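All remarks here apply to the structure that follows.
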Amino acid sequence: MADSEAIIGQGTFIRGNVRGDGDLNVAGRIEGTIEVRGEVVFEETSIIQSEVTADRIVVRGALAGDLHASDSVVLEAGCKVVGDLDAPRIRIDEGALFRGRIEMGGGEQSPTPARKAAPQARTTPRTAPATPARTAPAPRVAPRARAAEPPPEVEQEQEQEAAPPPPPPPVPKPRKPRATAQAAEATDDGPPPPVVPALRKKSKGAVRKRGAR
Amino acid sequence: MASTVIGQGITIEGEVTADEEVIVQGIIRGKLTTQDAVVVEAGATIEADVSAASVVVGGNVTGDVTASDRVDLQAGGKLVGDVKAARLTIADGASFKGNVDMDV
């Protein structure tokens, strides 16, 4: 498998059908169908628009089309795949982009071969640890920001609105600032409607901004 | 080092366009175009019009061959089709049928 039987170089564009026995290594472009008995590897530079049928498919580039593998499909970090996957074993690495349906053939496959085969993949150990490092911190930061920001805003608004009438007596005196926010929202029927929507709008806006960034 | 190799068991039906050397050991039907060299190795079959800078034929080629530089038909090679190239060599033991246009 070190030397692929067929190599489609980066500057090569094939429009039509590719089929046969043997491994295929693609760094170029293919539009059409690919039907190979063996392993097909789509390198980072590959741009593929085709239905692919093979024993084993590894994608590192961009691919639009359905993938059918009799053994396994691997979507590695950095790949972009739009299409349906059909294989007894499928691995999608962190950092891979995928949109489509996945069919894994139901109960035919026993779980053990999947585990055994997984370590065979060469590149995965490298890519897998790298990507989690990026993504891991993000979730931690986000929750903190959410938790920290909204409560102060709520308190300020409530204080302002509550100011003209005497401070709402029915509300039991809060132990913690967060409790006030929730309690006030729940009990005050008059003022809350404007308050709550405002809160939601802001919070949504904040989420969108974060999402956009 | 060649960047595109169509291996022995591989068949391509359609159009192959490249800007690098293409080595064919398998089968191509359709059209083969490259800015660099095409090497058709022994055992390979091409049923296509071939356009390249240079073409080396050691296998079977059926179709018109156009080369901006040269066409080499090696011993054991078989070429059926018209050749248009600045230079053409046909080795002893090769078979060829077609017209030759050498831009005289």
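The values are calculated or read from the model by the stated rules, or taken from the named source; none is laboratory data. Note that this is a predicted model, so its numbers are computed, not measured. Cβ placement follows ideal geometry from the backbone for every residue including glycine, while neighbour counts extend to all protein chains displayed.
Here B:A67, B:A48, B:A42, B:A75 are screened, and the one residue that is farther than 23 Å from B:A18 by Cβ and either touching a helix residue (DSSP H, G or I) at 6+ places or on another chain (Cβ under 6 Å) or of a type in the set (A, V, I, L, M, F, W, C) (or both) is B:A75. Being over 20 Å from the mean Cα position of the chain (by Cα), at pLDDT 95 or above and small (G, A, S) narrows it down to one residue among A:A54, A:A2, A:A64; which is it? On inspection, the qualifying residue turns out to be A:A54. Scanning the stretch B:26-54 for residues that are at the interface with chain A (Cβ under 10 Å from one of its Cβ atoms), part of a loop (DSSP other than H, G, I, E, B) and buried (at least 22 other Cβ atoms within 10 Å of the Cβ) yields one hit, B:G26. Apart from one condition, B:I10 fits all of (1) crowded, with 18+ Cβ neighbours inside 10 Å; (2) more than 27 Å from A:S46 (Cβ to Cβ); the exception is (2). Name the one entry in B:A86, B:A94 that is surrounded by 17 or more Cβ atoms within 10 Å (Cβ to Cβ), away from every other protein chain (no Cβ under 14 Å) and more than 13 Å from the chain's Cα centre (by Cα). Only one candidate qualifies: B:A94. Filtering the stretch A:36-52 to residues that are within 9 Å of chain B (Cβ to nearest Cβ), buried (at least 18 other Cβ atoms within 10 Å of the Cβ) and not aliphatic (A, V, I, L, M) leaves only A:G38. Filter the stretch B:3-25 for residues that are assigned to a loop (DSSP other than H, G, I, E, B) and more than 7 Å from chain A (Cβ to nearest Cβ) and give the result. B:E21, B:Q25 - these are the residues of the stretch B:3-25 that are assigned to a loop (DSSP other than H, G, I, E, B) and more than 7 Å from chain A (Cβ to nearest Cβ).
Can you confirm whether A:A77 is aliphatic (A, V, I, L, M), buried (at least 17 other Cβ atoms within 10 Å of the Cβ), away from chain B (no Cβ under 14 Å) and more than 20 Å from B:S3 (Cα to Cα)? So A:A77 fits the description; yes.
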